[in-house]
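Only one structure is covered here, and it is reproduced in the block below.
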Ligand SMILES: [Zn+2]
């Protein structure tokens, strides 16, 4: 392969982030675009990715032949080896051979993986988990994602479906989760879970700062930050509850895996991660076997919004 640049994408339900890396792994160009503009059908989302890549090539002034590879993280169950999206919760894809499609269009190798797996990969290769062999990642966003590095390898389980510990059941009589079950970690500790609690309290006549800004069942991280800075009571309750269940889930994962490090990433951690870390650390020892707790570190992700972009780069380097 002759090219020296890599195009890396983070494909989300609402936006696509793009970055071009040079051979020194420095980001030389960035792009951000809303996914919504792409409409809802598969062809349009594909068109969107193609247009983002084309824009990045045109606007950066980098020639197509100078590009070594394109890689992306996207939501859903993805066969990273063959580049087929098996299912995707927020994007309209089923058994979608996006790899062939993009490679045909640009004549450049294309790689794709699950966004949380790719985010954990980024933190493992370039971020806070660099050099560790066993990594448990919790990604706190709209939902609750998980990603596992075991014995120095990404663990994807049978048919790429592993690490769904956002749906670890912590209270079978708890609040309803999007998956149909009750009391999953996601139902307490994700933006969806915290928003549901805030709306429930609002319905009880309790005033708070966040309820008004909840759209489609989720608040924006920057509004959470504002409400916490103002010490909004209901918001603080939602966060306490989120961190309480995250601490329990962390204890369960620590006891199960005995990882070297647990990494907390995602939009919520990027916005208010220090407070989350403080609360989780204050409680987590209660739920861990002491001997296993002694040998694990708990840390906030280091790359912030760029975890996935760097993870995409790591996928290219691994190929
Ligand atoms: Zn669930």
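Hey, does the range 118-141 have a residue that's crowded, with 24+ Cβ neighbours inside 10 Å, touching a strand residue (DSSP E or B) at 6+ places or on another chain (Cβ under 8 Å) and more than 17 Å from residue 302 (Cβ to Cβ)? There is no residue in the range 118-141 that is crowded, with 24+ Cβ neighbours inside 10 Å, touching a strand residue (DSSP E or B) at 6+ places or on another chain (Cβ under 8 Å) and more than 17 Å from residue 302 (Cβ to Cβ). Test residue 210 against the criterion of being within 16 Å of the ligand (Cβ to nearest atom) and touching a residue at least 24 places away in the same chain (Cβ under 8 Å), and give yes or no. Considered against the rule, which asks whether it is within 16 Å of the ligand (Cβ to nearest atom) and touching a residue at least 24 places away in the same chain (Cβ under 8 Å), residue 210 comes out as no. Scanning the range 186-207 for residues that are away from the ligand (no atom under 16 Å from the Cβ) and either on the phi < 0 side of the Ramachandran plot or not assigned by TED's automatic domain parsing to the domain that holds residue 237 (or both) yields 198, 199, 200, 201, 202, 203, 204, 206, 207. Considered as a group, the residues in the range 40-69 that are modelled with pLDDT of 90 or more and in a loop (DSSP other than H, G, I, E, B) include one that is farthest from residue 29 (Cα to Cα), and that residue is 63.
Only one of the listed residues (302, 282) is out of contact with any helix residue (DSSP H, G or I) (no Cβ under 6 Å at 6 or more places or on another chain) and buried (at least 16 other Cβ atoms within 10 Å of the Cβ). That residue is 302. Here residue 163 fulfils each of the conditions (1) within 15 Å of the ligand (Cβ to nearest atom); (2) at negative phi apart from (2). Scanning the range 85-115 for residues that are touching a strand residue (DSSP E or B) at 6+ places or on another chain (Cβ under 8 Å), touching a residue at least 24 places away in the same chain (Cβ under 8 Å) and either assigned by TED's automatic domain parsing to the domain that holds residue 268 or more than 28 Å from residue 214 (Cβ to Cβ) (or both) yields 85, 86, 96, 98, 102, 106, 108, 109, 110, 111, 112, 113.
Within the range 145-157, restricting attention to residues that are in contact with a strand residue (DSSP E or B) (Cβ under 7 Å, 6 or more places away or on another chain) and assigned to a strand (DSSP E or B), the residue that is nearest to residue 250 (Cα to Cα) is 146. Checked against (1) at negative phi; (2) modelled with pLDDT of 95 or more; (3) within 12 Å of the ligand (Cβ to nearest atom), residue 183 passes all but condition (1). Taking each residue of the range 178-195 that is free of Cβ contacts under 8 Å to residues at least 40 places away in the same chain and looking for partners that are more than 6 Å from the ligand (Cβ to nearest atom) and in a helix (DSSP H, G or I) with beta-carbon atoms closer than 6 Å, six or more apart or interchain, yields 187/193.
The values are calculated or read from the model by the stated rules, or taken from the named source; none is laboratory data. All values derive from a computational prediction rather than experimental measurement. Positions of Cβ are backbone-derived with ideal geometry, glycine not excepted, and every protein chain shown enters the neighbour counts.
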